[in-house]
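Novice: There's a structure below that I have some questions on.
The values are calculated or read from the model by the stated rules, or taken from the named source; none is laboratory data. In this text, all values refer to a predicted model and were calculated from it rather than measured experimentally. As a convention, Cβ positions derive from the backbone with ideal geometry for all residues, glycine included, and neighbour counts pool all protein chains shown.
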Amino acid sequence: MGKQSTRRETSAGGVVVRRADGEIHYLLIRDGHGNWGFPKGHLDRGEAPLDAARREIAEETGLHDLALHADLGVIDWHFRAGSALVHKFCHFFLFETPTPMVTPQLDEGITECRWFLLPAAIKSTTYENSRAVLRRAADLVGSPARAG
């Protein structure tokens, strides 16, 4: 059996929350394949993951007013890109915004941005590793130390 080389890729993104009507709303985006998840993307050369997360959220959703709450850690997965095997690592951060208006980046294949309450966000999120990040974010924003 031949050894397949694996290419490593790093990206960053964020879980964005907004408080409205006494409830916490979570932002999900829908990609061109119909999958719901979080705004994220590749790091530019020399760019820190936190800076990349802020940039990608701004590009994909139009949100610029982002307050950092926490580092949510890194998830990783494998996929094929043509004949190459890719091991992808994605750094996630928790942000809060007061801004309700979001604008999908259509030219990047983002077809929709929508605010969800937690149960619907968990149900809508396509991938299990993303649901785990969402639950981690919900635990943090739901704790009294983070409220207000």
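Novice: Looking only at residues in the range 38-96 that are of a type in the set (Phe, Trp, Tyr) and loosely packed, with under 14 Cβ neighbours inside 10 Å, which one is nearest to Leu134 (Cα to Cα)?
Specialist: My answer is Trp77.
Novice: Testing Ile75 on (1) of a type outside the set (Ser, Thr, Tyr); (2) within 12 Å of the chain's Cα centre (by Cα); (3) at pLDDT 95 or above, one condition comes back false. Which one is that?
Specialist: Single failed check for Ile75: (3).
Novice: Would you be able to tell me the number of residues in the range 111-133 that are modelled with pLDDT under 95 and buried (at least 19 other Cβ atoms within 10 Å of the Cβ)?
Specialist: 1
Novice: Kindly check whether there is at least one residue in the range 56-77 that is of a type in the set (S, T, N, Q) and farther than 30 Å from Gln4 by Cα.
Specialist: Initial filter on the range 56-77 (of a type in the set (S, T, N, Q)): 61.
Checking which are farther than 30 Å from Gln4 by Cα leaves us with 61.
Yes, some residue in the range 56-77 is of a type in the set (S, T, N, Q) and farther than 30 Å from Gln4 by Cα.
Novice: Please specify each residue of the range 6-37 satisfying the condition of being touching a Ser or Thr at 6+ places or on another chain (Cβ under 7 Å), crowded, with 18+ Cβ neighbours inside 10 Å and not charged (D, E, K, R).
Specialist: Val16, Leu27, Leu28, Ile29, Trp36, Gly37
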